[in-house]
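A short worksheet on the structure shown next.
What follows is calculated from the coordinates using simple rules that are stated; it is not laboratory data. Fair warning: this is a prediction, and the values are worked out from it, not measured in the lab. Neighbour counts run over all protein chains shown; Cβ positions are idealised from the backbone, glycine included.
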Amino acid sequence: MSQHPTDPAPYDALLLLSFGGPEGPDDVVPFLENVTRGRGIPRERLEEVGEHYYLFDGVSPINEQNRRLLDAIRTDLADHGVDLPVYWGNRNWPPYVTDTLREMTEAGHRRVLTLVTSAYSSYSGCRQYREDLAAARDTLLAEGLRPPRTDKLRVYYDHPGFLDTMTDGVLAALAELPEQVRAEAHLAFCTHSIPVNAADTSGPPTGHGAGGAYVAQHLEAARHIADAVAAATGTHHPWELVYQSRSGPPHIPWLEPDICDHLRTLRDKDTPAVVMVPVGFVSDHMEVRYDLDTEATAVAAEIGLPAVRSATVGTDPRFVAAVRDLVLERAATARDEHPVRCALGESGPWHDVCPVGCCPGRTPRPAAAGADGP
Ligand SMILES: CC1=C(CCC(=O)O)c2cc3nc(cc4[nH]c(cc5[nH]c(cc1n2)c(C)c5CCC(=O)O)c(CCC(=O)O)c4C)C(CCC(=O)O)=C3C
Ligand SMILES: [Fe+2]
């Protein structure tokens with residue numbers, strides 16, 4: 001897919017930066033404490049989420065997914081003659097990003113490109129990772145080390161390697177539905193709910209407004225996939241963007257409708273079947289395996305609505321090739337070469353460097369890889 005030269009310079013390493021998850025029952029409480037420190041999550045919500053993890057013996061699927069992605073990216077880069085070591089670090093569980101960045105510093109890396117496991121603009125999916133990078137750099141500086149510069153790849157929800165892979169997943173899911181309900185099946189595009197205020201301020205300050213970049217990007221991805229499905233099947237399936245995994249205190253509004261309420265609404269409208277499309281996520285981690293495959297699937301069964309869940313991109317070779325394309329594109333841009341920047345949908349490729357005020361958090365904190373940070 002990549003038209004770019006295979007030279008990753010000026011970058012000398014790639015960092016896969018993710019959320020992290022527990023590896024066993026004893027890890028669950030400390031993991032949840034890491035995630036929610038200072039974030040005002042009610043105790044009942046934490047106990048409930050803990051139970052989701054215990055259903056899976058305390059093991060989140062996310063770390064294994066990231067190990068596989070790491071392997072797949074390494075193999076793909078090597079197979080295409082791209083000489084770039086790949087590292088992995090997390091926000092909330094080992095390998096912690098600070099330890100990984102220390103290892104990268106000690107290995108002599110000076111300019112690192114970062115791939116985060118979120119495809120969209122939001123505080124949780126973009127700026128918070130940039131804050132993690134800044135905090136890691138500050139820790140290393142305080143240790144007397146000289147950490148590398150850390151840049152971040154642009155949000156990639158509109159890259160063809162992401163959207164085409166999602167589209168094929170929806171086509172495969174539709175094929176799993178009984179033939180008599182397939183043509184009228186509804187597509188429920190699912191993503192993580194976030195506070196309405198965080199959505200409204202997501203993306204660059206100039207684009208803030210109802211739903212912000214977060215909702216706009218998801219709608220664009222969903223519309224593109226729905227259109228591509230229609231082009232492939234000749235059937236225009238009705239669709240909607242819905243939300244899941246709501247957290248936080250009940251008096252603070254979060255994006256709605258929730259997928260479980262949405263399923264009931266579909267049932268009331270005599271919709272014959274639904275495909276849940278996890279467009280907001282890049283792998284089958286807990287929000288997909290529990291919130292969709294367990295909870296929402298149980299609701300669908302209870303109300304007698306045939307439901308299937310389509311695939312996430314995971315380690316699909318087209319997604320892994322998209323990562324290579326994004327890396328080589330960004331390297332070429334850093335060399336002032338004006339490369340082709342692949343993007344489907346209406347907004348075109350997003351910024352490489354987050355502008356000042358992009359996806360603000362509740363408390364201002366230093367963030368790397370933006371116009372306002374190292
Ligand atoms: C936008 C978004 C993504 C998608 C982008 C991305 O992928 O980064 C995401 C991903 C994830 N969220 C995850 C887990 C959790 N998220 C929580 C809490 C929260 N998420 C939020 C947002 C997001 N979260 C928000 C606004 C909160 C409220 C607290 C706060 O403002 O920070 C909590 C606390 C308990 C709860 O309240 O649910 C947990 C345990 C896991 C790991 C899954 C696994 O273990 O496999 C993953 C990939
Ligand atoms: Fe989350």
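Given H placed on each backbone N at 1.01 Å, which residues far from Leu255 in sequence or on other chains put an amide H within less than 5 Å of it?
It is Ile194, Val196, by chain and number.
May I ask for the net charge around Asp164, where only other residues with Cβ less than 13 Å from the Cβ of Asp164 are counted and Lys, Arg are +1 while Asp, Glu are -1? Working shown, then result.
Numbers: positive: Arg318; negative: Asp158, Asp168, Asp227, Asp316, Asp325.
Around Asp164, the charge tally is -4.
If one takes the longest principal axis of the Cα atoms in the chain, at what angle in degrees, from 0 to 90 and to the nearest 10, does the Cα axis of helix 43-55 lie?
90 degrees
Treating the angle as unsigned and between 0 and 90°, give the value, to the nearest 10°, between the Cα long axis of helix 212-233 and the longest Cα principal axis of the chain.
60 degrees
Could you list which residues have their amide H under 5 Å from that of Tyr87, counting only those 5 or more apart in sequence or on another chain, with H placed in the peptide plane?
Under 5 Å from the amide H of Tyr87 lie the amide H atoms of Leu14, Leu15, Leu16, each far enough along the sequence or on another chain.
For the stretch 195-205, take each phi angle, set θ = phi - 60°, evaluate the Karplus expression 6.51 cos²θ - 1.76 cosθ + 1.60, and give the result in whole Hz per residue in order, putting x for glycine and proline.
x, 3, 5, 5, 5, 4, 9, 6, x, x, x
Roughly how many Å is it from the Cα centre of the stretch 145-217 to that of the stretch 36-113, as a whole number?
If we compute the Cα centre of each part, the gap is 20 Å.
Under Stokes-Einstein, with the Kirkwood radius over Cα pairs standing in for Rh, what whole-number D in µm²/s applies to the chain at 37 °C and 0.692 mPa s?
On the way: Rh = 21.3 Å.
D = 154 µm²/s.
If you plug each phi of the stretch 121-129 into the Karplus form 6.51 cos²θ - 1.76 cosθ + 1.60 with θ = phi - 60°, what whole-Hz ³J(HN,Hα) values come out, in order, with x for Gly and Pro?
8, 6, 4, 5, x, 10, 4, 4, 5
Determine the shape class of the stretch 303-344: with a ≥ b ≥ c the square roots of the Cα gyration tensor eigenvalues, call it rounded for a/c under 1.5, and otherwise prolate if a/b is greater than b/c, oblate otherwise.
prolate
Over 28 Å, how big is the tail of the calculated P(r) for the stretch 160-309, in percent of all Cα pairs?
In whole percent, the share of Cα-Cα pairs in the stretch 160-309 beyond 28 Å is 17.
Which ³J(HN,Hα) values, rounded to whole Hz and listed in residue order, are derived for the stretch 134-148 from phi using the Karplus coefficients 6.51, -1.76 and 1.60 in 6.51 cos²θ - 1.76 cosθ + 1.60 with θ = phi - 60°, glycine and proline given as x?
Whole-Hz 3J(HN,Hα) from phi for the stretch 134-148: 5, 5, 5, 4, 4, 4, 5, 4, 5, 7, x, 8, 10, x, x.
Suppose only helical runs count, i.e. DSSP H with n ≥ 4. What mean residue ellipticity at 222 nm does that imply for the chain under -39500 (n - 2.57) per run, divided by all residues and rounded to the nearest 500 deg cm²/dmol?
Details: 12 runs with 147 residues, N = 374.
Theoretical 222 nm ellipticity from helices: -12500 deg cm²/dmol.
Just in the stretch 177-233: which GluC sites (Glu not before Pro) are loop by DSSP and have at most 15 other Cβ atoms within 10 Å?
Of the GluC sites (Glu not before Pro), the ones in loops of the stretch 177-233 whose Cβ has at most 15 other Cβ atoms within 10 Å are Glu184.
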